[in-house]
Amino acid sequence: MAGFRPPASGPFGEELRRVLSAFESPCPILRLSPENRRCLFAPLNGIFSLQEGKEPVPELAVHAGFLQFLLALYRLRGENLYVAASHPGAEGKIYAVCHYLHTHYREEISLSSLAAAFFMSPYYLSRRFREVTGYTVTRYLQLTRVRNAQVLLLHSDRSITAVAEEAGFSSFSQFNRVFRSVCGIPPSAYRQKGREETGSSGPYGAQGSFPA
């Protein structure tokens, strides 16, 4: 993941670096077979089902589910069927927009500025983007920012305000609202449950107080 460097020491530090290396691809677009897609999305679907109130420790389950998703993503990295040259024309442009969002999510991005950068009208970009990805441009960008924020919350000692800024959110209130809409819990609770699970007060088992 651009801009994030896991600590050199601590429990599972080397394995975590290997797992997170999946985010360092110059073109972070993953196209999988239907069977592999089901394997990849199973942990996320499990997280979404927690909103039904069937899990006695939902916050902990969210954390565990996201780690399972990261592991699945790493294991399936060699099964990527995506080839950039195989998507000419409009569809290829949408994948280029996805790549742009993954590498510029920290910046202020609007639909109009994004459309202008790729020589499309906002209406055309919005419609085609949803057809190809299944998400609106705004939601895709929010999910990209939240997923980067999740890693920083669990595996860095940055304050939540700093995480919000580094992940590309314009304010703490916006970060808190979007994060809760995606994860079902606020960032502070997400971080706290992660630390309780590992029995530490900081990243990778480091001892000491860290700002929240």
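Computed values, structure above
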| item | result |
| --- | --- |
| Residue within region 126-139 that is farther than 19 Å from residue 60 by Cα, small (Gly, Ala, Ser) and in a helix (DSSP H, G or I) present | yes |
| Matching residues in region 126-178 - criterion: being farther than 18 Å from residue 99 by Cα, surrounded by 16 or more Cβ atoms within 10 Å (Cβ to Cβ) and β-branched (Val, Ile, Thr) | 151, 160, 163, 178 |
| Selection count where residues are assigned to a helix (DSSP H, G or I) and at pLDDT below 90, scope region 158-212 | 10 |
| Any hit, region 144-157, residues being part of a loop (DSSP other than H, G, I, E, B), under 25 Å from residue 196 (Cα atoms) and acidic (Asp, Glu) | yes |
| Qualifying residue in region 106-123 (condition: under 17 Å from the mean Cα position of the chain (by Cα), part of a loop (DSSP other than H, G, I, E, B) and farther than 15 Å from residue 167 by Cβ) | no |
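The values are calculated or read from the model by the stated rules, or taken from the named source; none is laboratory data. None of these values were measured; they are calculated from a predicted model. Backbone-built Cβ (ideal geometry, glycine too); neighbour counts: all protein chains shown.
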